[in-house]
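Quick notes on the structure that follows.
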Amino acid sequence: MSPSPVPSQSPNLHDEEWKDLKLSLERPYKDDAGEKLPTLLDIEADGKFIYESKETLDDRLKNHLHRIFQERGVDFFDNPDKRFIHKIDAQKDEQAEDEDEDASKEEVEAPTKHMTFEELNAMRAELMPQLYVALGEVTQAQDILNSLLSTVQTSNPNTVQSLLSGGQQALAPSPPQRAPGDPALTATVVTKPPPITSLQAFNAQLVIGSKDEALRKAANLFDTVATRLEKSQKRGEQYWVNALKVRRSNWRLIPSPLPPGSIVGKGADRTSKDFLVSYGLEESSPDIRQAALASLTDAGAEHEIIFAHRQGTRMQISLRVSSENGAATVSRNTMEPEPEKIPVDAVLKRAQCEIINQEMFKHLVQEATIMPTILARVSERTISIDVAEGMELRMDMVKDRDIQPVPVSPLCDIIYHGLHVLLLRKHGYHKGERLSSTTISNPTNNFGGPPILQPIIDFLQYNLFCKRLESELTKASRGLTAAGIHTTVSFNGVGETGEELVQIFTEFKAPPISGEAVLTIAERHSIRFTFVAPSNLTAHLSQAKIHVYSMVQLSQLLQNEIERFLLQRICQIGQKLKGGTWLVDLDQLVARWEGCVLTFQLAFEKDLGINFSAFRLDSQTGRRGHLYQYSRLNATNSTLLTWVEDVISKVP
C-alpha cells in the first residue's frame, strides 16, 4: 500500500521546485588555493602519506592504446569494419514493449567513417606534388611581374600607376606599343676574365708541387730501402754475436737441416745456412732431445732465439699437511717469474729448466701408476700422491700466471732439486749401461734404471716419522721434567756424513738414511733408539733389542721404561729411609716393614704426564687405609721424589 501524498501548504507549487534539484556527489579535486589534490593510496605506520603517482601523457596514451587492443582486438587497425562507431539503443526490452509507438526510433543512424592513416598518406601523396607545381608557377609569375614592374618603373612611372590602378586594362590581350624613346630589353655576352696574378701563381705551385711530391716519394723509397739494408746488416752482425755468446756459454750448436727439396747428391753443396741450439740433456729420450731445439734468427723478430716446441711450463711442488685439529697448511717451492727482457744465455737456461721439468714429470707419471704402496691420482698436468696420513704431495706443470700464491717451503725446494739429482742419477745409469761391454740388469722398475719417485716418497715419510718420534720423546721428557726429574733428549735425524749423504742420492744401491735418538733420565738411565728410512725403528734396552712398528707401541714402551725406573728409584729411597722389603710387582710397588704395608702406583696422562698414588694396607682387615696422591697440577713446589720421601716419613 502506497502512502498518501502530503498536501502542500503553499498554494504555489513552483515554489517547491528547489526540492527537485540533484547535486552530483563528486570528490573534491582542488583545495582552497586551487591546487589539484593528489590521490591518497595508503598511510604508513609512522604517519607518512603515500599518494598516487602523477600519470604522464605518454603513460596515458600507452594505457589507451592498450585498452584499444584489449577491448577491440589486436587487428583493430587492419580491419576497417571495427573502426565504425554505431549508436544503438541499449534498452532492447523497452523497444519490444513500445514497438508500435516508437517505430521511428528504431532507425539506426548511418555510421560515421573516419579516415585511416594509410588513406591520409595516400591523399597527401596525391595532392602534395600538384600543390608544389602550383606553388612553383605562382612564384615564377611573381618573379616575372616584379621584373616587369621594376623595368617599367625606371622608364615611365605613370605606366606603373596605371597598371596598379587598372589591372584589367593594363593586362589587355593586345601587346602595348613601345614608344620611340623607350629603352628596349637587350642581352649582353659576358666572357670569363683572365685569372688574377695570385691565382696564376697558385696554379704554378700546384704543378711544381705534384712534381716535387713524386720526387719525395722516390726519395722516401730510397730511404726505406737504405734503412732496411742497414737493419739487415745489424741483424746479421747480431746473429753472429749471439752465436758466439751461445758457444762461449758451452751450449751445443748443431747445423740446421737443409730445406726440403735441396740437392743432396754427390757434389752438391750441403752447407747449412743456419744454426740450431740443443739445450736438452745428453741422455734424455729422443723425443725430449727433439723438443729441446732452438734456432737463432736474424729476421728481426721480437726474440733473438726461436723455440719451436717450448711449452712455457715448469714443475710446481706443493705439500699439503693436515694437523690433528683439521687445519691444513699448503706450501710450494720457490718459482721466480720470467722477466721481460733477458739475454740469450738466460733464455736458454730457462728453456732448459722447462724441458728438464717436463722430462721429470714424464718419469713421475710412469712410476706413480705402478707403485703399489701409495695412492696416486694422475692427470695430464697433475700428480697427487697421499704420502702418509695427513700429508699430500702434489706436482703440477704450470705457467707463470698459474703459480699458486702460497708460502714457500724449504722442504718443497729440497724435493724439487732432489728430483734433478735423481734424474741425473738415472741418466748416469743409462750411460753406464750403454758404454759398458756387458749388459747391466737388475732394474728397479719396468722402465729400467733407478727410480725417481720412490726416494722422494721415502724422504717425506722419513721426515714425518722423525717429527713424530721426536714429539713422543719430547712429551716423555716434559712429563718427567714436570715431576722434578731431570731428563734430556738427544735426537739426530741424519747420522751420515756429507759424503755418505751425497752417495745416497747419486749411487744406485746406496744404504738409506739413518738416525739415532737417546732419552736420558736423571743421568742414571738411558733409552737408545736407532731408525732407518723410511720408518724402521729399533729400541736398544738393557734387557733386549725391540723393533717398534707403531707410535702406540713406542708410547707404551716409554711408559714401561719410565715406570720401571721410577719404581726402582722409590725402592732405593725407601730402603734407605725405612729398610724392610721393597718389591716391584708388575705395575705397582709394595713395601713391608714392621707393622706397615705401603703400596705405590703410577698413572700416565695423555701427554705422558706423571700421577702417583700411595696407600697403606690395614694389617688386621687388609683394606686400604689413608691415601696419598701426587699430581703435577697439585704439586707446586715439591718434586716427585720429595713427595715420596714425605709419604714414607709420615707412615709410622
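The values are calculated or read from the model by the stated rules, or taken from the named source; none is laboratory data. Since the model is a prediction, treat every value here as computed from it, not as a measurement. Don't worry about glycine lacking a Cβ; one is built from the backbone with ideal geometry, like all the others, and counts go over all protein chains shown. Accessible surface areas use protein heavy atoms only, side chains included; no ligands, DNA or RNA. Shrake-Rupley method; radii C 1.70, N 1.55, O 1.52, S 1.80 Å.
Could you pull out the GluC sites (Glu not before Pro) across the range 465-541 that fall in loop regions by DSSP (anything but H, G, I, E, B) with no more than 12 other Cβ atoms inside 10 Å?
On the way: sites: Glu470, Glu472, Glu496, Glu499, Glu500, Glu507, Glu516, Glu523; in loops: Glu496, Glu507, Glu523.
Passing sites in the range 465-541 are Glu523.
Summed over the residues of the range 315-383 and divided among them, the accessible surface reaches 53 Å² per residue at a probe radius of 1.4 Å. The spacing between the range 364-387 and the range 546-563, judged by their C-alpha centroids, is 34 Å. Taking 37 °C and 0.692 mPa s as conditions, the range 319-472 diffuses translationally at an estimated 187 µm²/s according to Stokes-Einstein applied to its Kirkwood radius (Cα pairs). Placing +1 on the Cβ of every Lys and Arg and -1 on the Cβ of every Asp and Glu, with no other charges, gives the range 284-389 a dipole of roughly 140 debye about its Cα centre. Spacing of the modelled spin labels on Ile546 and Leu375, each 7 Å from Cα toward Cβ, amounts to 3.1 nm.
Here is the list for the range 492-597: chymotrypsin sites (Phe, Trp or Tyr not before Pro) lying in DSSP coil, each with at most 16 other C-beta atoms within 10 angstrom of its C-beta, are Phe508, Tyr549. Cross-linked pairs Lys475/Lys650; Lys30/Lys54; Lys467/Lys509; Lys362/Lys426; Lys475/Lys606; Lys245/Lys349: Cα-Cα separations exceed 21 Å for Lys475/Lys650; Lys467/Lys509.
Counting other Cβ atoms within 10 Å, which GluC sites (Glu not before Pro) in the range 555-601 have at most 13 and lie in a DSSP loop? Provide the component values of the computation, followed by the final result.
On the way: sites: Glu561, Glu563, Glu594; in loops: Glu594.
Passing both the DSSP loop test and the Cβ count: Glu594.
For the range 323-385, with all protein chains present and a 1.4 Å probe, just round the carbon and sulfur fraction of the accessible area to a whole percent. If you can, show how the numbers build up before the last one.
Details: 1850 of 3450 Å².
For the range 323-385, the apolar C and S fraction of the accessible surface comes to 54 percent.
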